[in-house]
Amino acid sequence: MQLIKDISTLTHIPGLLRLKKGMKPRPFEVIDSPGGRLEANALRFKDRSALIFEDQHLTWSELNAVANRYSSAMKAEGLGRGDNVSVMMENRVEFLALLMGLNKIGVTAGLLNTNLTSKSLIHCITVTHSKKCIFGEEVMDSLQDVYAELPLERGQDFLFIADSGDKSAPQWSKDLGSAAESADAEDPVETSASTLGDTAFYIYTSGTTGLPKAAVISNRRYLISGDMAGTGGLKCKTHDRIYLCLPLYHATGLLLGVGAALATGASMFVRRKFSASNFLNEIRQHNCTHMIYIGELCRYLVNSEHKTDDANTPLRTIMGNGLRPDIWMTFKKRYGISRICEFYGASEGNVAFANLMNKDLTVGMTSAEVSLVQYDVDNDEIVRDNQGFCIPVMPGEAGLLLGKITPDTVFEGYTDKAATEGKVLRSALQKDDAWFNTGDLMRTVDVGYALGYDHYQFVDRVGDTFRWKAENVSTNEVGEIINAFPEVKFCNVYGVEVPGADGRAGMVSITLNDDVAELNLEAFAQFVQDALPSYAVPVFIRVDSEIDVTGTFKMLKGELRQQGFNIDSIEGPVFVMKSGEKAYSVLDDVYLQTINKTEAGF
């Protein structure tokens, strides 16, 4: 068996060598861009399928023509190279065509999360100094609530694009969609001047804590990601089709999915939003061979109704991030996936990992210079030696991931210079060096013969690891175990402060399976005590109707931490495992007062 694995690894050598050569960053002054790639595909793959969305089927030449009309319409609005605009729209043809059209003429698009409202929405539009705000009919209500508070001119700077057609452009906006329909469809001359150094997009951090920050995505970074995904990760051919159901305002869908199609000529099936019930039918109907995923999306699919023919699909290769070890093999076997290319990378970061060798349970390897250094999760700080330098961890130990900043691994950062500098560690391992602080804990893992490359595994986000009973507790690892309890649909694990106790006690928000009326506390208590070390067993449980997530399925912990175990702030039931006991009981006012008086013995 090991010989077979070694032979399988060796088969990756030619492709990896080609990929390494192709991935070497080119100088920023080189002419190339996503919009330029679309033009090239329109010539090379003119009548091949580029995009399927609902009842619309576009070839590469047709998609390019729609993008060109948006370029012309935007130029008529006075926009040109170096300008910034904000774009708020759900996944659809117009969204992709608009982004490519803006890129062709050198305009940077800030991609707004369609769930944003009020203060956060205002912040994201103003932080990039947007000259225009382009929005879809489907999100008009969110803009209606804030347009008067934005530094943009009514009737001029708000540009509307119809969707269902049920609503017309509001009085405070202009109808960009109608203008684009009759605009020039020829390739704009500006594309030939677009360089790798130009900024393609601003993609916002999820804002799970504080207001979102706008991460800078250059043309070079976009194309490197797309080329890696298309040729090294998914290994697409022109006859392949990529299933895209993630929000394209986020890097995973836009850089990896759309980027892979631009790099290889593969077509895309684009869905407005993910639907577990429609997933298999669409994969089969549209012959989708590849998919871009987020780990929680895969968890939804694992928890959906099991059918004997789930693996009977054309789907063979998937690429994404966040696929946790507890469901990796189950998902792979159930849906007949032959290749999982898990990757790791932050929207704003300078380092990325990819599982290009198809090794299970790993985010793969990186060609960038990285270091894992000791981190004190109790005090939430980096451990340093007596000279002030970071201390590398031993192989296999969890450590804070740092990515070295070099001319080839530039940290593009955010629009906020102070926020950018705040993520840089200087003189970290030696005097005057500079490293990007990812804020993530990772470790190396043994995957057998791997051509001399270290492979890595994600452990936790700094802040998602807490300390209890003098031990470090990983929220992700505890969550993976709890998710295996038969009654649990999803869970969100976090640490909460307990008066008079050191560290943070474990607490879990649980959503039950649809056919479960109430949590079997006795069975659950036995399960977690059998599966977890005593310090990692959750002290508190709350049962919620749903788990709050971001648009990219990241679980939100901020409000849960704030509420803690305050039963007056929580709608559903709360349970506690009292000090010295092995069972859970209802947390009532009497015992809550005991905890708050530091008399509970924790």
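The values are calculated or read from the model by the stated rules, or taken from the named source; none is laboratory data. None of the values given here were measured: they were computed from a predicted structure. Note that each Cβ is placed from the backbone with ideal geometry, even for glycine, and that neighbours are counted across all protein chains shown.
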Picking from Asp376, Asp385, Asp432, Asp408, which residue would you name as being in contact (Cβ under 8 Å) with a residue 40 or more places away in the chain and among the acidic types (Asp, Glu)? Asp408
Is it the case that Phe466 is of a type in the set (A, V, I, L, M, F, W, C), modelled with pLDDT under 85 and either part of a strand (DSSP E or B) or under 24 Å from Val373 (Cβ atoms) (or both)? yes
Suppose we filter region 101-127 for residues that are over 21 Å from the mean Cα position of the chain (by Cα) and over 17 Å from Leu143 (Cα atoms); how many remain? 7
Just the residues that are in contact with a Lys or Arg (Cβ under 8 Å, 6 or more places away or on another chain) and of a type in the set (D, E, K, R), please, taken from region 212-266. Arg220, Lys235
So which residues in region 401-435 are within 20 Å of Arg384 (Cα to Cα) and basic (Lys, Arg)? Lys404, Lys423, Arg426, Lys431
Step by step: first the residues of region 507-527, then only those that are of a type in the set (Gly, Ala, Ser) and not in a loop (DSSP other than H, G, I, E, B), then the one that is surrounded by the fewest Cβ atoms within 10 Å (Cβ to Cβ). Which residue is that? Ala523
Determine if region 565-582 includes at least one residue that is of a type in the set (Gly, Ala, Ser), in a loop (DSSP other than H, G, I, E, B) and in contact (Cβ under 8 Å) with a residue 60 or more places away in the chain. no
Under the condition of being in contact with an Asp or Glu (Cβ under 9 Å, 6 or more places away or on another chain) and assigned to a loop (DSSP other than H, G, I, E, B), which residue from region 488-506 is modelled with the lowest pLDDT? Asp502
Among the candidates Met74, Met23, which residue alone is under 28 Å from Cys245 (Cα atoms) and modelled with pLDDT under 95? Met23
Breaking point among (1) over 17 Å from the mean Cα position of the chain (by Cα); (2) crowded, with 19+ Cβ neighbours inside 10 Å, for Ile217: (1)
Being touching a strand residue (DSSP E or B) at 6+ places or on another chain (Cβ under 8 Å), surrounded by fewer than 21 Cβ atoms within 10 Å (Cβ to Cβ) and outside any strand (DSSP E or B) is the filter here; which residues of region 332-355 pass it? Lys332, Ile337, Ser338, Ala346
Among residues of region 469-491 being aliphatic (A, V, I, L, M) and within 22 Å of Leu372 (Cβ to Cβ), the residue surrounded by the most Cβ atoms within 10 Å (Cβ to Cβ) is Val473
Determine, yes or no, whether Thr231 is more than 26 Å from the chain's Cα centre (by Cα) and over 25 Å from Thr126 (Cβ atoms). no
Hey, does region 547-563 have a residue that's of a type outside the set (Ser, Thr, Tyr), more than 25 Å from Ser304 (Cβ to Cβ) and modelled with pLDDT of 90 or more? yes
Looking only at region 423-461, count every residue that is assigned to a loop (DSSP other than H, G, I, E, B) and not basic (Lys, Arg) and tell me the total. 15
Note: among Ser225, Ser194, Ser267, Ser275, just one is surrounded by fewer than 21 Cβ atoms within 10 Å (Cβ to Cβ) and among the polar types (S, T, N, Q), namely Ser275
Restricting attention to region 469-487, the residues that are modelled with pLDDT of 85 or more and either touching a Phe, Trp or Tyr at 6+ places or on another chain (Cβ under 7 Å) or closer than 24 Å to Asn321 by Cα (or both) number exactly 9
Exactly one condition in (1) under 28 Å from Gln593 (Cβ atoms); (2) out of contact with any helix residue (DSSP H, G or I) (no Cβ under 7 Å at 6 or more places or on another chain) is not met by Tyr456; state its number. (1)
